[in-house]
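A short worksheet on the structure shown next.
Values quoted throughout were computed directly from the atomic coordinates according to the rules given, and no laboratory measurement underlies them. Just so you know, these numbers come straight off a predicted model, no measurement behind them. For neighbour counting, all protein chains shown are included, and Cβ atoms are generated from backbone atoms with ideal geometry for every residue, glycine included.
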Amino acid sequence: MRRPGIPAPSRETLLAALLIVEGAVFSVTGHGFASLDNVLGLARLACEGGLLALALAPVVLAGGIDLSLGSLLGLSSVVLGLLWRDAGWPWPWAAAGAVACGALGGLVNAVAVARLRANPLIVTLGTLSLFRGLAEALTRGVDTVTGFPAAFLSLGQGALAGGVPVQAPLLAAALAGSWLLVHRHRCGREWRAIGFSAEGALHAGVPVGRRRLQAHLLAGVAAGVAAVVQVSRVGQAKADAGTGMELLAVTAVVLGGTHLSGGQGSIAGTFLGFAVLAVLRNGLQLSDQPAELAGILTGVVLLGVLVLGARRGGQRG
Amino acid sequence: MTVLEARGVSKAFGQVAALRSADLRLEAGQVHGLLGENGAGKSTLVGILTGLQAPDSGVVAVGGQPVARLTPGSARALGIACIHQQPALVPDLSVAENLALRLDPPRALGRVRRDRWRSRALDLLERAGGGVDPDTEAGALPLPLRQRVEIACALGSGARVLLMDEPTASLARPDQERLLALVRSLRASEVAILYISHRLEEVAALADRVTVLRDGATVATLPAGPGRSGPHDVAGWVRLMIDRDPPAGHAAPATAADRGDGIVDPRPPLALGLRAIGCRAVGIQDVSMDLPAGRITGLAGLVGSGRTGLARILAGLDPADAGTLEMDGRKVHARTPAEAIALGIACLPEDRRRHGVICGMSVAANLALASPGRVFPGGWLRAQAERDLAGHWIRALSIRTPGPAAEVGTLSGGNQQKVALGRWLATSPRVLVLDEPTQGVDVGAKAEIHRIIRDLAGSGMAILLISSDLPELLSLSDHLHVFRAGRCVAGFPGGSPADVVMAAALGVEAAVARPPGEDAP
């Protein structure tokens with residue numbers, strides 16, 4: 001139902017406009033929202049969620065889904081803590097162990113989806129429970145690892161020159177990397193082809209199984225890296241780390257215009273979608289609004305953007 | 001007495017006319033055979049008579065009364081029943097429950113009287129040939145017995161007209177004969193039967209009258225019956241089913257060797273050899289053939305004869321589990337589509353919209369999809385290479401598109417097919433397998449695709465052409481293989497008479513007096 005003459009705004013334009021509106025409103029209502037400190041702090045707080053959303057985008061583009069990323073973040077956090085405290089590994093090794101744990105978890109999803117051809121929704125719903133359950137079993141649900149060395153904590157709490165948090169360049173690198181991969185690499189093109197039509201892609205010689213495997217593996221690695229970032233930021237490793245973050249990532253990806261059926265979507269959209277959600281939370285907090293309002297407004301924003309998108313025929317096959 | 005009649009019925013799907021003013025009259029107590037090639041319009045006619053499809057023009061009359069808008073429900077109420085090739089029963093319900101569901105659909109708050117239904121089901125199944133326990137789950141029954149349940153259903157509904165679409169196609173010998181006996185007893189009880197079958201001997205033994213469809217039009221309705229001869233016999237039907245005279249524009253096949261420089265090379269080099277290839281997944285057995293460079297090898301056969309299965313083997317989608325592929329005197333493997341592409345084998349799939357192109361992606365992305373090495377050297381996109389590749393094939397195949405960025409789904413069928421073809425030509429194949437390359441494209445695009453196929457062969461490519469369009473196959477092919485039931489049963493030189501090829505595809509020995517080449521075993 002596109003009106004002639006007026007080009008419909010793209011999802012990215014819509015989200016950028018929404019971000020500007022948010023900025024304008026919260027600059028007035030939020031205490032210190034418009035300060036440089038808050039903007040830098042936002043990058044620090046939002047990094048983990050951003051990593052998960054950016055890593056989830058390729059999975060969804062290829063027509064899949066991963067609901068286990070929050071749980072995998074939790075499991076990787078616990079693995080990091082226990083390797084450092086109980087196994088006595090030096091912290092860089094323990095951090096590498098957490099990333100490896102993420103990769104292993106991603107591989108479990110990948111093998112089930114790509115090799116055993118199981119439904120990704122069911123597989124990752126299962127590993128959502130499995131990974132969280134393992135994390136709770138390892139810590140008996142109550143054990144929290146604290147007292148990390150200062151060098152490790154500076155990863156998440158430290159700042160570079162000019163007060164820029166360590167997370168900022170990491171998030172920028174993740175954004176650039178995923179953009180290159182999705183929009184400039186063969187993998188991105190083939191993820192898209194699989195998302196549009198897995199059978200059609202198979203007929204064209206696309207290695208469908210391998211591409212799906214890579215997408216899930218990458219998402220797992222991102223969950224492991226996010227675990228390191230989060231443990232070093234909050235200074236503790238516990239089993240409930242990352243609870244609910246898988247849904248935040250899915251919301252950001254969908255808000256960003258990626259179709260859950262696969263094929264269509266962009267990294268810019270995913271990042272803007274995530275930024276809209278992160279700024280909303282931060283702005284409401286600084287405006288002394290209750291936390292529940294963030295949930296309500298997230299829902300309103302998502303539904304509103306989807307309705308606008310449907311009006312311009314956004315959910316095309 | 002005429003119980004069901006179609007008068008001047010026409011139906012088009014998009015630009016393709018499936019039926020052109022077809023006529024059919026079914027009489028009570030008669031078996032009426034309906035014959036025609038693949039795509040002649042038989043299934044569409046059945047769809048119209050059962051109310052599944054509405055005709056664009058023409059009249060359907062039941063008992064002499066024209067019916068304005070026939071629906072599946074009203075057709076059933078008027079006593080029209082259809083036995084499909086694949087019976088549609090609810091697999092988790094018992095046979096008796098399936099019958100109850102069809103014959104007495106449950107109403108809100110209605111009670112199902114199990115015991116009464118069980119005895120009624122038992123009675124109907126007995127009349128349909130017996131051998132079915134009404135308490136077994138329908139999904140557990142083998143196909144012939146499921147078909148018997150369908151027939152019991154038709155009997156129970158008191159059908160006066162029974163349409164049977166290839167009822168014996170999937171039956172073994174004894175089951176076939178039992179079915180034929182049942183058809184005869186139904187005829188004796190004054191039911192009108194429309195009998196569609198590719199098994200012409202069966203029709204000859206059974207039918208009282210026969211109607212032949214060709215290109216959607218009724219060519220002839222003839223009296224039939226055992227012991228008749230002259231134009232009513234099987235060979236005559238075959239002649240009516242196919243177009244004897246090739247349409248204008250179809251020249252005699254020209255081989256690559258005598259095209260161009262005028263020097264005839266009697267033995268062109270072999271591009272790909274198939275040696276006793278078999279594959280259980282697609283039901284192919286012991287297929288051997290040569291695909292010479294620069295030649296068009298045709299593959300004829302009915303739908304389901306295994307032609308597409310062979311294409312899937314060569315594409316690496318369903319790798320062969322028996323036999324070998326030979327290239328340059330070496331044994332080669334095509335275990336994945338990527339391996340097949342690397343060997344230089346390209347396969348244009350039959351189902352264009354599902355497999356041939358990716359409708360949501362751009363023309364350029366579709367053209368480049370099978371050539372990642374050229375557009376993504378080292379994995380990274382070279383936009384210029386993609387633009388060049390897309391521009392080249394858009395020009396070379398005259399693809400009519402607003403531009404390389406246009407979504408393929410927005411193009412016409414013929415242009416989508418050219419995009420699908422261009423994708424494969426971009427891989428610079430040595431062997432090109434074309435599965436129904438002109439199906440559902442308009443006449444102009446069809447002629448263009450024919451010209452492209454000839455040019456490709458002229459440039460030295462080995463082409464395997466699969467087509468249900470016999471005149472197309474005969475006019476393009478240098479050599480022709482015929483498939484039946486997963487085997488290669490005959491080979492013919494290009495330009496062979498259509499009735500000879502059709503007879504081999506149907507498995508009719510009596511049709512023709514002079515079988516050239518290696519004939520059916």
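Assorted remarks:
- Relative contact order (%) - criterion: Cα under 8 Å, at least six apart; region: chain B: 15 percent
- Average beta carbon contacts from partner chains per residue of B:352-362, 10 Å cutoff: 6
- Averaged over the residues of A:187-196, the number of partner chain Cβ atoms lying within 10 Å of the residue Cβ comes to 4.
- Overall, the protein assembly as shown carries a charge dipole of about 940 debye about its Cα centre when +1 sits on the Cβ of Lys and Arg and -1 on the Cβ of Asp and Glu, all other atoms neutral.
- Additional length obtainable on full extension of the chain from A:R140 to A:H183, 0.36 nm per residue less Cα span: 11.1 nm
- For the protein assembly as shown, the residue among A:P120, B:G460, A:G299 whose Cα projects farthest onto the positive side of the dipole built from Cβ charges is A:G299.
- Highest-first packing order for the peptide set B:478-488, B:396-406 is B:478-488, B:396-406, based on the mean count of other beta carbon atoms within 10 Å.
- Förster-model FRET efficiency, 45 Å R0, B:V16 and B:D133, C-beta, rounded to 0.05: 0.50
- Dipole of the protein assembly as shown [Lys/Arg +1, Asp/Glu -1 at C-beta], most positive-end residue of B:A311, A:V25, B:G139: A:V25
- Residue-count net charge about A:L297 - beta-carbon cut-off 12 Å; Lys, Arg +1, Asp, Glu -1: -1
- The distance between label points at B:S398 and B:R353 comes to 2.6 nm (points 7 Å beyond Cα on the Cα→Cβ vector).
- Under 24 Å from the Cα of B:K11 - lysines, other chains or at least 8 residues apart: B:K42, B:K446
- For chain B, the longest principal axis of the alpha carbon atoms and the long axis of helix B:383-396 meet at an angle near 70°.
- Counting Cβ atoms of other protein chains within 10 Å of each Cβ in B:310-318 and taking the mean gives 1.
- FRET efficiency, 1/(1 + (r/R0)^6) with R0 51 Å, evaluated for B:S57 and B:W380 via beta carbons: 0.35
- Estimated inter-spin distance, A:T29 and A:L116, nm [label 7 Å along Cα→Cβ]: 4.7 nm
- Cα gyration tensor category, rounded, prolate or oblate, for segment A:1-145 with a/c compared to 1.5: oblate
- Angle of helix B:173-188 to the longest C-alpha principal axis of chain B, folded into 0 to 90 degrees and rounded to 10: 50°.
- For the peptides B:18-24, A:164-170, the ranking by mean Cβ contacts within 10 Å, running from highest to lowest, is B:18-24, A:164-170.
- Per-pair calculated FRET efficiency, R0 = 60 Å: B:A342 and B:R113 via Cβ, rounded to 0.05: 0.40
- Taking every alpha-carbon pair under 8 Å whose residues sit at least 6 apart, segment A:11-316 reaches a relative contact order of 36 percent.
- The phi-based Karplus calculation (6.51 cos²θ - 1.76 cosθ + 1.60; θ = phi - 60°) puts the 3J(HN,Hα) values of segment B:345-353 at 9, 10, 10, 7, x, 5, 8, 4, 6 Hz, whole numbers, x for Gly and Pro.
- Unit charges on C-beta of K, R, D, E only; dipole of segment A:11-316, Debye: 940 debye
- Spacing of the two label points (7 Å from each Cα toward its C-beta) at B:H84 and B:R451, in nm: 4.2 nm
- Overall, the ratio between the Cα radius of gyration of chain A and 2.2 N^0.38 Å, rounded to two decimals, is 1.00.
- Dipole of the protein assembly as shown, positive direction: furthest Cα of A:L180, A:L213, B:L270, with charges on the beta-carbon: A:L180
- Taking the Cα centre of chain B as origin and assigning +1 to Lys and Arg Cβ atoms and -1 to Asp and Glu Cβ atoms, the resulting dipole is close to 980 debye.
- Shape category assigned to chain B from the gyration tensor of Cα positions, a/c cut at 1.5: prolate
- Residue-averaged [θ]222 nm for chain B, counting only DSSP H segments that reach four residues, each worth -39500 (n - 2.57): -9500 deg cm²/dmol
- Cβ crowding within 10 Å averaged over residues, with B:433-444, A:201-212 ranked highest first: A:201-212, B:433-444
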